[in-house]
Amino acid sequence: MAASYALWQIGWDVLAPARRFACAGSPISNSARSIRRAAAEAAELVAAVLYLAGPFLLAVIALYVARRDHTRVHVLAVVAGFGLVVLPEALAVAGELLGPPVEPSPGCPPDPGPFRALPMALAWVVSALALIMLAGAGTRGRPGRGEVLRLVAALGVIVLVVQAVRLLPGRPAAPPVAADGTPRYALLPGLHLETVNLDTGRVAHQYLPEQRGRITQIRAVAATPQPGEYVVSVTLRQGRDDWSPRGSVSRIHRLTVDADGRAKLGRALSGRLNGDVGRIAVSPGGRVAYSRSTEDRDHNRTAYVGVLGPAAEWQASPSGFYWRDAHTLVLPDDLHFTGVTYPPKPELVKSWEGGLDVRLPASNPPAAAVLVRAPRNSGSFTLPHPLPDGRTLRVHPGSYEQPSELVLYDGDRKVATVLSLSCGEILSMAVDRSGRHLLVGKDNENGEAAGNRPCGGKDHEVLRVGLTPAAGGAFPHRVVWRGDTYPGGLTW
């Protein structure tokens, strides 16, 4: 009975490990009391006491059997021992049924820390409960050495089998792709990484990676050409509390999302990077670009744009950088103008954005090796986002009176207004791999200090926009998610 009890705990802990919660913020007290809640707390308390007192009580039963050796005593001992094993479990289940379900509050996602099965198994095998019951079983006669060795060998084999079951690879998971070929999940980085099911509008998984026993935060996410594979920046060490990058240390990793929306951190792609890696972009060929900001003791901040494989960095403004093609990284803040005359003739002026040829050695300050045509008033646009066909999407920020607009450009030529918001502000964009579907992260501007017209309802939304216009020329769009998570780092 002792062996079965110990092995039951081993199997249960290995196959169904407990969920821990990593919380941020002050605890919320709940003063509501009820008979069900009181009964649940009482059942859990009694279960905990019986569980801790189990070895001592089983030792008392074994001693009682040894002193009074007759049939009735053995029957009572079996009943009492079985009750001590089963009763705590039954009370714990009763407590769960009587009490309300425990759900993590916002900012309190499950901690997916790895379960160490072998130390837990060894702790149960050599626990006082197993040893005391083994001694009690042999009170009428000393067990032979062979019996003990066979018992230990049997326990070891069962432990290894249970561990092997846990380590066996599962069946290959289907890619996280919807029926129309677009990714089924969108990723929202924040305090924790959320994977949002775009079919249901619900959060499928909340993820906080753990490295060397410490919870880390995913800061930026970018999609790769492969479905379900992403590149993320992970904060290894947090800096100061005033949003300063000073003291921060980051690293760039692979990340995968399976068909159920569960995220998992993969291998590292970079070494330790001082500062905060706040943005990542992946080229059509899979090369990773990132932005990094640092701060010295005099509060002077320095921004860098870098690439991996091979690694190179330029000291440059990282705002809105994007890949024009497999070798050209465009810096929208590096504006160039041609055709400037005096007296001015605006119709002759052309605007260009500077681009870096990442095949060339890095230089500081960076020299624009490539000039990319941009709208004449490109300085008034934000969030430039390239499409596979070479066109770009750009956001014209709105105000309380003027709507925020998403505009499609072919070089410097305006093609169409894709989306015009009657309220709120566009925060981010993410295009699927075909370039025909778009997600837009929107702030509903419900705060008191909002500059745009508030929308009401949830604070944030994600809209799905079709980039193929309908018969009337309008671009279809619909809301696929509403929530409180800030969608500034939206990735698809």
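Here are some notes:
- Estimated FRET transfer efficiency (Ala80, His477; beta-carbon r; R0 60 Å; 0.05): 0.30
- The distance between label points at Val60 and Asp357 comes to 8.6 nm (points 7 Å beyond Cα on the Cα→Cβ vector).
- Two-site FRET efficiency, Leu149 against Asn364, from Cβ-Cβ distance with R₀ of 60 Å, rounded to 0.05: 0.30
- His336/Ser420 FRET efficiency (R0 30 Å; Cβ-Cβ; nearest 0.05): 0.50
- Coil-residue trypsin sites (Lys or Arg not before Pro) of the range 230-288, DSSP, other Cβ within 10 Å capped at 14: Arg240, Arg272
- Where labels lie 7 Å past Cα in the beta-carbon direction, separation of Asp298 and Ile35 in nm: 7.4
- Arg184 long-range amide H proximity, modeled H, under 5 Å: Val177, Ala178
- Around the Cα centre of the range 377-492, unit charges on the Cβ atoms of Lys, Arg, Asp and Glu (plus for the first two, minus for the last two) sum to a dipole of about 440 debye.
- Taking 7 Å steps out from each Cα toward its Cβ at Gln315 and Asp260 produces label points 5.0 nm apart.
Computed from the coordinates by the stated procedures, all read-outs in this text should not be read as laboratory data. Note that the structure is predicted; figures quoted are calculated from it, not measured. Glycine gets a Cβ as well: all are built from the backbone with ideal geometry, and neighbour counts include every protein chain shown.
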